[in-house]
Amino acid sequence: MAESNLFDLSGKTAIVTGGGGLLASEHAIALSNYGATVILADFNEEKCNAAAVVLRKQGVNAIAKYCNVTLKESWQFLVEEVVAEHGKIDILVNNAGFTNQSKSANFDVGFEEFPLEDWNAIMNVNLTGTFLGCQVAGKQMLKQGKGSIINFASLYGVVSPNHNIYPGTGISQPVAYSVSKHGVVGLTKYVATLWAAKGVRVNAITPGGIFNGHAGLFLERFQQLNPIGRMSDKTELRGAIVYLASNASSHVVGHNLIVDGGWTAW
Ligand SMILES: NC(=O)c1ccc[n+]([C@@H]2O[C@H](COP(=O)([O-])OP(=O)(O)OC[C@H]3O[C@@H](n4cnc5c(N)ncnc54)[C@H](O)[C@@H]3O)[C@@H](O)[C@H]2O)c1
């Protein structure tokens, strides 16, 4: 393949879950810029539709669809619909999550009192949702004999949150978030090694802290602790997405691509 075509995604169909959130639009822009059609999927249809409308106005090839990633039937319905309309699924970005922006009911409660309901809810979206996405969309990719799955982990799936930076900031990092993201890294390796020889590559991306209007004490502490001296801009994952989705990473399997400004390096 010519070097200039290494990152080409023309004719590819991609599903990006968590389509109404902060980062999904960035993934869509990146994939569409390199030629892919992007299906944004979310259980919050209003946010997801709104994101797709904004993206289409910018010339991004994005379509919104409903999916609750915690339900196998919802995944099956989505996959059947996408295959009926586009013929195949080349790329799956398992990006949906309960996060500081999309919280479970008691996300901010400390470890000692953290409710089992929230543990289950976060594990269900972040880890079980990713498992189901791999299972259902991956089955379609196995039929095709090719595909690329990109699972979203987190810096807190590699190391624990630094507990000293959160007090007094109004931001918290509950145990289930960190543990679920550690699970995503493990799941990625399991499925990647199972399917690599069958043409389906599975990898993870680990973002660091993405700037989203953070200010004050949290921003000061985070910047000071991050080797690069700042939070990530939301656009800074685009290269990682295109790399793992495309042939540029054809021999990359079970990898966790860390894009964290060096947070986990010291
Ligand atoms: N933003 C960051 O700083 C950061 C850092 C590290 C990792 N990440 C990871 O990157 C991914 C995207 O982050 P983001 O900042 O865009 O998050 P976000 O909270 O802005 O968006 C998450 C989206 O997931 C959707 N979602 C939640 N439960 C769902 C379900 N059951 N079915 C379908 N959709 C569901 C929400 O509706 C929301 O639109 C997440 O997995 C997150 O953990 C983000």
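Quick notes on this structure:
- Among the residues listed as Ser154, Ser148, the single one being touching a residue at least 40 places away in the same chain (Cβ under 8 Å) and away from the ligand (no atom under 15 Å from the Cβ): Ser148
- Test result for Thr130, within 11 Å of the ligand (Cβ to nearest atom), in a loop (DSSP other than H, G, I, E, B) and touching a residue at least 60 places away in the same chain (Cβ under 8 Å): no
- Pair list, Cβ < 8 Å and 6+ apart or interchain, from the stretch 240-266 residues that are touching a residue at least 24 places away in the same chain (Cβ under 8 Å) and outside any helix (DSSP H, G or I) to residues that are among the charged types (D, E, K, R) and buried (at least 20 other Cβ atoms within 10 Å of the Cβ): Ser250/Arg201; Val252/Arg201; Val253/Arg201
- Members of the stretch 196-209 found to be crowded, with 20+ Cβ neighbours inside 10 Å and either over 12 Å from Ile150 (Cα atoms) or among the polar types (S, T, N, Q) (or both), listed by number: Asn203, Thr206, Pro207, Gly208, Gly209
- Any hit, the stretch 160-182, residues being near the ligand (Cβ under 10 Å from one of its atoms), modelled with pLDDT of 95 or more, under 23 Å from Ala240 (Cα atoms) and not in a helix (DSSP H, G or I): no
- Residue check, Val53 within 11 Å of the ligand (Cβ to nearest atom), closer than 22 Å to Ser10 by Cα and either surrounded by fewer than 16 Cβ atoms within 10 Å (Cβ to Cβ) or among the β-branched types (Val, Ile, Thr) (or both): no
- Considering residues of the stretch 96-110 that are hydrophobic (A, V, I, L, M, F, W, C) and in contact (Cβ under 8 Å) with a residue 40 or more places away in the chain only, the residue nearest to the ligand (Cβ to nearest atom): Ala96
- Residues that are of a type outside the set (Ser, Thr, Tyr) and near the ligand (Cβ under 6 Å from one of its atoms) within the stretch 6-23 comprise Gly18, Gly20, Gly21, Leu22, Leu23, listed in sequence order.
- Considered as a group, the residues in the stretch 25-50 that are in contact with a strand residue (DSSP E or B) (Cβ under 6 Å, 6 or more places away or on another chain) and over 16 Å from Thr13 (Cβ atoms) include one that is surrounded by the most Cβ atoms within 10 Å (Cβ to Cβ), and that residue is Cys48.
- Filtering the stretch 24-43 to residues that are more than 15 Å from Gly97 (Cβ to Cβ), within 16 Å of the ligand (Cβ to nearest atom) and either touching a residue at least 40 places away in the same chain (Cβ under 8 Å) or of a type in the set (Phe, Trp, Tyr) (or both) leaves Ile29, Ala30, Leu31, Ile39.
- Test: residue in the stretch 120-127 that is away from the ligand (no atom under 14 Å from the Cβ) and of a type in the set (Gly, Ala, Ser): no
The values are calculated or read from the model by the stated rules, or taken from the named source; none is laboratory data. Bear in mind the structure is a predicted one, so any value in this text is a computation, not a measurement. Neighbour counts run over all protein chains shown; Cβ positions are idealised from the backbone, glycine included.
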